[in-house]
Every structure is written in C-alpha cells, then in structure tokens.
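Shown next, in structure tokens, is the structure this report addresses.
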Amino acid sequence: MTVKRKKKNRFGDYLATCEDCGAEFWFPLESGTLILCNGCLTKRYREDLQLDKHSLDEHMEEQHLRFEKWCALLTEMKDLYYAADQMVKTERARIDSEIRLCEPDSLEGRFGLSKLSEAAINGAIERHGDYLETLSLLRAARTRKDLLEGCVEAFRDRRSMLKYLTELYVAQYYDRSQVSRSRVEETIAKHTRVPRREKEE
Ligand SMILES: [Zn+2]
C-alpha cells in the first residue's frame with residue numbers, strides 16, 4: 001500500500017492520509033500495514049465481523065485468516081505504542097537536562113523560566129512544543145491500540161459464535177423449528193452489534 005506522507009517531524013513520525021476517506025491523522029512511527037484513520041479502520045473491522053447464517057462454511061474457512069490479520073495489526077500497534085511511550089520519556093529527559101544546563105541569563109528567553117525550581121522545570125517541560133508533540137503521538141498510539149484490542153476481542157467472540165452456530169446447523173435446528181431459527185438470527189444480530197468506540201482522536 002502506498003502511504004502518502006504529509007509531514008515528517010524530527011522524531012521520524014508522520015501525519016498520514018487515510019486511504020479510505022482522505023482524512024489526515026497522526027500515525028505514529030513507520031508501519032507497513034493499513035493506513036486508515038480510526039473511523040475507517042473501525043468500519044473495515046465491522047465489515048470483517050459480519051456473519052451471514054447462509055455462509056457459515058465460508059466464514060469458518062476465512063475466520064482464521066481474518067483473526068490472524070487483526071492480531072498482526074494489534075501486535076504491530078503494541079510495538080508502536082511502547083516505542084511512543086519510550087519517546088515521551090526520552091524527550092522529557094532531554095528537555096530536563098537542556099534546562100538544567102542552560103545559562104541562567106537565557107532561562108527566561110528559552111524556557112520562560114525566572115527561577116530554577118523543580119516545579120518550574122516540570123512546568124516548562126510540560127509546555128515544551130517537542131514534548132507535547134511526543135505526547136500527541138503517544139495518545140494516538142494508545143487510542144489505536146485500544147481500538148485494535150477491542151477488535152481482536154470481537155474476533156475471538158466471532159470464533160466462538162461461529163462454532164456455536166455451526167453446531168446448531170449440524171444439529172439441524174436451523175430448518176426444523178421457528179424457535180431455533182430465530183435463536184440463530186438473534187444470536188447473529190447480537191454478535192454483530194459491535195460496541196461503540198471512540199472515533200478520531
Ligand atoms: Zn478514514
């Protein structure tokens with residue numbers, strides 16, 4: 001997939017363009033997989049989660065591949081999240097030492113500090129543009145990781161649900177009684193109702 005990069009900051013991270021809707025969003029670090037905003041990613045996984053009672057055999061075949069695909073995305077996102085977390089810590093330490101090593105005469109001009117107390121240093125770090133930028137990347141990574149965790153969880157449910165529906169089918173409940181038919185339909189409807197997740201951060 002081609003990734004259209006709009007901006008590269010000094011941490012090597014990018015503002016990416018969603019392949020589906022064209023929205024710009026922070027996409028932390030490099031990734032070779034789906035370049036989709038969270039809204040479009042959610043839409044894709046909901047499509048993948050859909051169940052049709054007439055295609056249970058197809059679903060059984062493709063379930064494993066779909067599950068693997070979303071697990072791989074989650075694994076990648078976890079790595080990116082830990083890397084972003086580390087980046088925030090490194091950035092904090094870097095600015096901290098820059099402040100402490102700064103000439104007293106330049107403190108005000110460079111960091112807006114009139115004196116060098118611990119509280120003042122912390123405040124200056126938390127207002128620093130570079131620090132804030134790493135924080136937004138960390139937030140973007142966390143939102144995405146949470147979203148994918150929910151998604152993988154939903155695919156686990158789908159697997160159990162498929163197994164259950166197939167058992168019902170094999171037991172020929174499907175065609176014999178209206179009661180069991182509606183049970184199958186209800187079960188599918190309940191299963192495909194994915195909990196609402198946050199949209200774009
Ligand atoms: Zn999108």
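The values are calculated or read from the model by the stated rules, or taken from the named source; none is laboratory data. For clarity, every value in this text was computed on a predicted model and none was experimentally measured. Quick reminder, even Gly has a Cβ in these numbers, built from the backbone with ideal geometry, and neighbours come from all protein chains shown.
For the range 96-126, taking the residues that are exposed (fewer than 12 other Cβ atoms within 10 Å of the Cβ) and under 34 Å from the mean Cα position of the chain (by Cα), the one that is farthest from residue 26 (Cα to Cα) is identified as 119. As a summary of the residue check, residue 93 satisfies the conditions (1) surrounded by 10 or more Cβ atoms within 10 Å (Cβ to Cβ); (2) modelled with pLDDT under 95 except for the one numbered (2).
Residue by residue, here is whether (1) over 20 Å from residue 75 (Cβ atoms); (2) within 10 Å of the ligand (Cβ to nearest atom); (3) modelled with pLDDT under 90; (4) surrounded by 15 or more Cβ atoms within 10 Å (Cβ to Cβ) holds:
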residue	(1), (2), (3), (4)
8	yes, no, yes, no
12	yes, no, yes, no
18	yes, yes, yes, yes
21	yes, yes, no, no
29	no, no, yes, yes
33	no, no, yes, no
39	yes, yes, no, yes
48	no, no, no, yes
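Report whether or not residue 78 is modelled with pLDDT under 90 and away from the ligand (no atom under 16 Å from the Cβ). No, not satisfied.
Among 143, 134, which is crowded, with 18+ Cβ neighbours inside 10 Å, under 18 Å from residue 77 (Cα atoms) and at pLDDT below 90? Every option except 134 fails the conditions. Among residues of the range 152-166 that are at negative phi, those with a Cβ under 8 angstrom from a residue that is among the charged types (D, E, K, R) and at pLDDT below 90, sequence gap 6+ or separate chain, pair up as 165/53. The criterion of at least 2 residues that are touching a Ser or Thr at 6+ places or on another chain (Cβ under 8 Å) and closer than 17 Å to residue 145 by Cβ is met by the following helices (runs of 4 or more DSSP H) wholly inside the range 15-111: 56-101. Residue under question is residue 116, and the condition is that it be of a type in the set (A, V, I, L, M, F, W, C) and either assigned to a helix (DSSP H, G or I) or modelled with pLDDT of 90 or more (or both); does it hold? Considered against the rule, which asks whether it is of a type in the set (A, V, I, L, M, F, W, C) and either assigned to a helix (DSSP H, G or I) or modelled with pLDDT of 90 or more (or both), residue 116 comes out as no.
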